[in-house]
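Notes follow once the structure below has been shown.
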Amino acid sequence: NWRDKQACTADGVVVSLTANAGVLADVDAALEYNADGIGLFRTEFLFMENPQRLPNEQEQFEAYKTVLTRMGSKPVVFRTLDAGGDKHIDALGIPKEENPFLGWRAIRYCLKTPEVFRVQLRALVRASMFGNAMIMLPMISCEREVVQAKKLLSSVYEELESRGEGPFPRIPVGIMIETPAAALTA
């Protein structure tokens, strides 16, 4: 049975095989097929469940906690909200655009609406206590966006810990290189 064997190249280099997920059934499938983790958890699907209302912090926390708990020590990379483009969510109020795939979406939306982004970051930080969480920022086009997002995340840690919660593990943060600007800058 191949699913119980470690993935490696013919010359013995071990390769990590991770799953893409957006709903709990995907997580169950990743476990069933013995994935090494979740390489991309699409958090926007939680927002798309009820496009008229944004999920609150507790709802997001419970969803992320469930994913992390089910995956145990295996890593889970949560992509922060990537709405806009082909993922229209009425409650976000993102207007229709001429070129929605490169317009006001993903990290641009999150940084311009920090009240929405902070709710997600608080839920992710709180859930990180239950597994091996990582964060991936989508549609990054410049260093300034990464710096701003990391500052927001730092302020979320401070906020939660000043309320007596935590201490929380510091979640590794990465970016998706998917825009021409990011690819050229890299």
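The values are calculated or read from the model by the stated rules, or taken from the named source; none is laboratory data. Quick caveat, the model's predicted, so the values are computed rather than measured. Virtual Cβ from ideal backbone geometry, glycine too; neighbours counted across all protein chains shown. The protein model used for the area step is the full one, side chains on, heavy atoms only, and it has no ligands, DNA or RNA in it. Shrake-Rupley method; radii C 1.70, N 1.55, O 1.52, S 1.80 Å.
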Checklist outcome for this item: Residues of segment 128-144 being assigned to a helix (DSSP H, G or I) and surrounded by 22 or more Cβ atoms within 10 Å (Cβ to Cβ), in sequence order, are S128
Checklist entry - Which ones in segment 1-24 are in contact with a helix residue (DSSP H, G or I) (Cβ under 8 Å, 6 or more places away or on another chain), among the hydrophobic types (A, V, I, L, M, F, W, C) and open to solvent by 60 Å² or more (accessible area, probe 1.4 Å)? => result V23, L24
Item to check | Hits in segment 92-110 (condition: open to solvent by 30 Å² or more (accessible area, probe 1.4 Å) and either at pLDDT 85 or above or more than 17 Å from Q52 (Cα to Cα) (or both)) | outcome: E97, E98, N99, P100, F101, L102, W104, R108
Checklist entry - In segment 8-39, how many residues are out of contact with any Cys (no Cβ under 8 Å at 6 or more places or on another chain) and farther than 28 Å from A63 by Cβ? => result 6
Checklist entry - For segment 25-47, which residues satisfy the criterion of being over 14 Å from P75 (Cβ atoms), buried (at least 16 other Cβ atoms within 10 Å of the Cβ), hydrophobic (A, V, I, L, M, F, W, C) and more than 12 Å from the chain's Cα centre (by Cα)? => result F47
Item to check | In segment 165-186, residue surrounded by the fewest Cβ atoms within 10 Å (Cβ to Cβ) [restricted to those that are assigned to a loop (DSSP other than H, G, I, E, B) and among the aliphatic types (A, V, I, L, M)] | outcome: A186
Next on the checklist: For segment 126-158: of the residues being over 16 Å from the mean Cα position of the chain (by Cα) and among the small types (G, A, S), which is modelled with the lowest pLDDT?
Outcome noted: S141
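Would you pick out the residues in segment 48-58 that are open to solvent by 80 Å² or more (accessible area, probe 1.4 Å) and either closer than 20 Å to L124 by Cβ or at pLDDT 95 or above (or both)?
Kept after step one, since they are open to solvent by 80 Å² or more (accessible area, probe 1.4 Å), are these residues of segment 48-58: 49, 52-53, 58.
The answer is E49, R53, Q58.
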Checklist entry - Which of the residues that make up segment 59-88 are open to solvent by less than 50 Å² (accessible area, probe 1.4 Å), within 30 Å of Y33 (Cβ to Cβ) and modelled with pLDDT under 95? => result L81, D82, A83, G85, K87
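Conditions (1) touching a helix residue (DSSP H, G or I) at 6+ places or on another chain (Cβ under 7 Å); (2) surrounded by fewer than 21 Cβ atoms within 10 Å (Cβ to Cβ), marked per residue:
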position: A149; (1), (2): yes, no
position: L152; (1), (2): yes, yes
position: Y157; (1), (2): yes, yes
position: R163; (1), (2): no, yes
